[in-house]
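*Asks:* This is the structure I have questions about; it appears just below.
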Amino acid sequence: MYKQGGVYSRPPLGPRALVVAPLIWVGKILFLVGFVTNYWYKYMSVGAYRYPSHRGLWKICSTIDYTTNCAAFFPLEGWYTGVRALECIALIGISVASFQSLFYLIRRVKTRLIIGAVATVFGGFMGIIGCIIMAVKISNLGFTLGWSLYLDAVGCVLCVAGGPLLFLEYRSRDQ
């Protein structure tokens with residue numbers, strides 16, 4: 001705490017702190033939207049009746065006669081399960097970082113910012129690796145990548161960008 005005019009108060013936030021928390025939170029929101037929605041890729045079904053379908057990490061959806069039906073699915077391919085695992089690890093890392101940055105904005109305690117910096121970079125890179133694996137595999141199958149994958153990737157990139165800023169805020173003036 002700093003003493004200002006005989007009264008102890010919290011130190012003022014620097015411009016870096018005012019940028020890093022919203023950056024990580026916007027990245028987390030974009031990541032979450034991409035993580036839970038069902039448009040990671042689109043394709044046309046095969047067989048006698050061709051109808052548009054799309055998949056997310058967790059559900060497959062098909063549109064038949066203007067009605068969209070979705071159901072959970074369990075992938076047979078090991079790479080798909082690996083992408084799910086990488087995205088779940090990314091969710092944990094990004095969540096830790098976002099709450100550490102929020103805690104810093106409220107309490108101005110720097111001791112745990114280093115945990116947030118490491119968590120956001122690690123989580124963001126895990127998410128980016130998951131997106132790259134999915135994009136390569138889906139492109140090789142000839143399917144179209146969907147907006148959910150792009151939102152997930154942009155969210156991860158924003159979080160990775162926030163990691164060094166958290167570290168710099170941790171290394172700035174001492175409490």
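*Asks:* Just to check your reading of the model, which residue among F31, F99 is of a type in the set (A, V, I, L, M, F, W, C), touching a residue at least 60 places away in the same chain (Cβ under 8 Å) and closer than 21 Å to C156 by Cβ?
*Replies:* Just a single option satisfies the conditions, and that option is F31.
*Asks:* Something else about it: For the structure I just gave you, tell me whether L13 is modelled with pLDDT of 70 or more and either surrounded by 15 or more Cβ atoms within 10 Å (Cβ to Cβ) or more than 30 Å from L141 (Cα to Cα) (or both).
*Replies:* no
*Asks:* I've got another one for you. State the number of residues belonging to region 104-135 that are among the aliphatic types (A, V, I, L, M) and either closer than 17 Å to D152 by Cα or crowded, with 21+ Cβ neighbours inside 10 Å (or both).
*Replies:* Number of matching residues: 11.
*Asks:* So in region 81-103, with the set limited to residues that are over 14 Å from the mean Cα position of the chain (by Cα) and surrounded by 18 or more Cβ atoms within 10 Å (Cβ to Cβ), which one is modelled with the highest pLDDT?
*Replies:* Of everything passing the filter in region 81-103, Q100 is modelled with the highest pLDDT.
*Asks:* Out of the helices (runs of 4 or more DSSP H) lying entirely within region 78-175, which hold 2 or more residues that are under 17 Å from P22 (Cα atoms) and of a type in the set (S, T, N, Q)?
*Replies:* Qualifying helices (runs of 4 or more DSSP H): 78-107.
*Asks:* Could you please tell me which pairs satisfy a Cβ distance under 7 Å, a separation of 6+ or placement on different chains, a first residue in region 118-139 that is without any contact (Cβ under 8 Å) to a residue 24 or more places away in the chain, and a second residue that is in a helix (DSSP H, G or I)?
*Replies:* Final answer for the pair search is A135/L149.
For (1) among the small types (G, A, S); (2) over 18 Å from Y39 (Cα atoms), each residue gets a yes or a no:
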{"site": "I115", "(1), (2)": "no, yes"}
{"site": "A119", "(1), (2)": "yes, yes"}
{"site": "I132", "(1), (2)": "no, no"}
{"site": "A135", "(1), (2)": "yes, no"}
{"site": "S139", "(1), (2)": "yes, no"}
{"site": "L168", "(1), (2)": "no, yes"}
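*Asks:* Can you say whether G27 is touching an Asp or Glu at 6+ places or on another chain (Cβ under 6 Å) and either at pLDDT below 80 or on the phi < 0 side of the Ramachandran plot (or both), as far as the supplied structure shows?
*Replies:* No, not satisfied.
The values are calculated or read from the model by the stated rules, or taken from the named source; none is laboratory data. A quick note: this is a predicted structure, and the numbers were derived from the prediction, not measured. As a convention, Cβ positions derive from the backbone with ideal geometry for all residues, glycine included, and neighbour counts pool all protein chains shown.
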